[in-house]
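Values quoted throughout were computed directly from the atomic coordinates according to the rules given, and no laboratory measurement underlies them. Note that the structure is predicted; figures quoted are calculated from it, not measured. Positions of Cβ are generated from backbone atoms using ideal geometry, with glycine treated the same way; all protein chains shown enter the neighbour counts.
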Amino acid sequence: MSNDTIAEKIEAGESFVDPDDFEFDNADDDIDRENESTRDLLGRVSGALNRRSFMGNAAKAGAGAVALGALGSGSAAAYHEASDVDILNFALTLEHLEAAYYNEFLAEYDEFEIESADAIGAKFADPKLQFATWQEITSIRDHEEAHVEALTQTINDLGGTPVQAADYEFPYDSLESFVKFSNRVEAVGTSAYAGAAPFLDNEAVVKAGLSIHSVEARHTSYFGSLLPKSSMPNAFDPARSMDEVVGIVAPLIVSE
Ligand SMILES: [Fe+2]
Ligand SMILES: [Fe+2]
């Protein structure tokens, strides 16, 4: 991979992984994980993962600095390498957000409102489909809570400290905007798993991550089917870098 190719990919915001092109080092013991905020974690892991993707030819040319710019409070520590626990904590941060999102929605809208709304239930002419929409959204919420639980458990098993849920602000004000935003949230989650998985070292953790990844893709498709668009628009979905994911989800996290 030439430096030009890498620079082009950075410019285009594409992720790229060549396992021979970066070195891995889990030694980041000087980080004070107990006192680390969600934002610090996002910044540090994002920076570390971007640095890792530049290791090898590109890093030696100094390209790593490009990705470490706008990370706020996390940038000072961002030069550390990300461990599997860091990556899992990044995933857990997203799962906390998704679980909170659906819990908030389901507390706000009841079954009748969801299934009688043009934006959701009434999209399906078949009553069996229409009157399953509340249950489908409830199942998605249950999946997110199961993901939070599994990631928390795995991080504990690996000797890490699981990140806690934060406070969020979700930008929807109707069932119609909820469907659009849900489709977006799920697509971002799907692309985050695709972008992060190649950086995991532990094979069992890779398997677990992939089994969550395909479920997030189904969540994306479900909401896509409620919109005037295809539920599977691409032959190849994007794999977003941590930087890109942080840029999208950080505005939703309003406090630790
Ligand atoms: Fe999830
Ligand atoms: Fe999801």
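Rounding to the nearest 20 debye, state how big the charge dipole of segment 87-174 is about its Cα centre with +1 on each Lys and Arg Cβ and -1 on each Asp and Glu Cβ.
Numbers: 3 positive and 19 negative charges, 60 e Å.
The dipole magnitude comes to about 280 debye.
For the peptides 203-216, 235-248, 103-116, what is the packing order when you average, over each peptide's residues, the other Cβ atoms within 10 Å and list the highest mean first? Working shown, then result.
Details: 203-216: 16.2, 235-248: 18.7, 103-116: 14.6.
Highest mean packing first, the order is 235-248, 203-216, 103-116.
Return Thr220, Thr152 ranked ascending by Cβ neighbour count within 10 Å, so the fewest neighbours appear first. Display every interim value, and only then the final one.
Numbers: Thr220 24, Thr152 19.
Least crowded to most crowded, the residues run Thr152, Thr220.
Let me check I've understood the local charge: for Ala122, count other residues with C-beta under 12 angstrom from its C-beta, Lys and Arg +1, Asp and Glu -1. What total comes out? Walk me through the numbers on the way to the answer.
On the way: positive: Lys123; negative: Glu113, Glu115, Asp118, Asp126, Glu176.
Summing Lys and Arg as +1 and Asp and Glu as -1 gives -4.
If I take R0 = 30 Å and measure r between the Cβ atoms of Glu113 and Asp157 in this structure, what FRET efficiency does the formula 1/(1 + (r/R0)^6) give, to the nearest 0.05? Walk me through the numbers on the way to the answer.
Values: r = 41 Å, r/R0 = 1.35.
Rounded to the nearest 0.05, the efficiency is 0.15.
With 10 angstrom as the radius, rank Asp173, Asp86 by how many other C-beta atoms surround their C-beta, starting from the fewest.
On the way: Asp173 9, Asp86 27.
Result, fewest neighbours first: Asp173, Asp86.
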